1. For ILE117, enumerate residues with amide H under 5 Å from its amide H, sequence gap 5+ or separate chain, H modeled in the peptide plane.
2. So if I place +1 on the C-beta of Lys and Arg and -1 on the C-beta of Asp and Glu, and nothing else carries charge, what would the dipole magnitude of the chain be about its Cα centre? I want it in debye, nearest 20.
3. Scanning the chain for helices, which whole DSSP H stretches are 24 Å or more long along the axis (Cα) and average -1.0 or more by Kyte-Doolittle?
4. Which ³J(HN,Hα) values in Hz, rounded to whole numbers, follow from the phi angles of segment 104-116 under the Karplus curve 6.51 cos²θ - 1.76 cosθ + 1.60, where θ = phi - 60° and Gly and Pro get x?
5. Dividing the convex hull volume of the alpha carbon atoms of segment 77-229 by its residue count, what do you get in Å³ per residue?
6. Using only the alpha carbons of segment 81-155, what is the convex hull's orientation-averaged projected area in square nanometres?
7. Return the long-range amide H neighbours of ALA111 (sequence gap of 5 or more, or a different chain), with a cut-off of under 5 Å between placed amide H atoms.
8. If you bin every alpha carbon distance in segment 10-68 into 10 Å steps from zero, what whole percent lands in each bin?
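Laboratory data are not the source of any read-out in this text; all were calculated from the coordinates shown. Note that the coordinates shown come from a computational prediction; the quantities given were computed from them, not determined experimentally. Heads up, the Cβs are rebuilt from the backbone with ideal geometry, glycines too, and the neighbour counts pull from every protein chain shown.
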Amino acid sequence: MAVVATDVEYIVWGIDQTAYGPVELPTLVGWVRDERVTADTWIFAAKTNTWQRATEVPELRMFFSRKSSGASSNGPTLGVEARALRRIKILGAMSDEQLERFGQFVEMTKAPQWSVIVKQGDPGDTMYLILEGELRVRINVMGKETILATLGVGEFFGDISLFDEGPRSADVVANSDSVLAKLSAGAFDKLAKEAPDLATPLLRAIGRTMSARIRADNKRTAGAAARSVG
């Protein structure tokens, strides 16, 4: 993390292994309040020419001491309300009563901006539904980021991992503070056994989405082949 000091105060090392800044103290404080900078975030201070964890930066200590006394956690919370799940497109065929029951099988979790929700190559066993925020799907090729898609409220990812629990095919990074509902492979198996009337419409919706992806990929491949021949 070699950095050349500048006249501006701070540089932030994000969870996605990217340097953000330089920024001045008011901006940095705003990021702390928005939980974009956490206690363990690495901060480069130009005036001391050193990297420190955010809790070790004198100007920020007061904010983290306040948080430690009663701030809410970003960890998962079991159960999601039906009205939140109503935003998810693939659950559109479910009634309010079905959504209420489905919500008992998923967990709600927060993803701060810049956090990596899933990492390419890691084993996967969880599907995510986007309740709030925006995410990007990316791959790194020779150190360069290539964005494959941008996902918003109502969309989902990681569905294939419910079936094969194979390695993740790409990174998914939070472009903004986001709220997600998680459905693990274990919870999905439980859903299929205990509530098949919920699992069936979910599977059908996932199947339709997969089919659309395959058709789109085939169309792109055919188009590329036609251009190469022409």
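1. For ILE117, whose amide H was placed from the backbone, the distant partners under 5 Å are VAL172, VAL173, ALA174.
2. On the way: 28 positive and 29 negative charges, 124 e Å.
Roughly 600 debye for the chain.
3. Working: long enough: 196-229 (49 Å, -0.24).
Correct list, ordered by number: 196-229.
4. Going residue by residue, I get 6, 9, 10, 10, 9, 9, 9, 10, x, 3, 6, 6, 9 Hz, with x marking Gly and Pro.
5. Working: hull volume 18.3 nm³, N = 153.
Roughly 119 Å³ of hull volume per residue.
6. Values: hull surface 22.9 nm².
Taking the Cα atoms of segment 81-155, their convex hull projects to 5.7 nm² on average.
7. When sequence neighbours closer than 5 places are left aside, the close amide H contacts are SER178, VAL179, LEU180.
8. Reading the bins upward from 0: 24, 64, 12.
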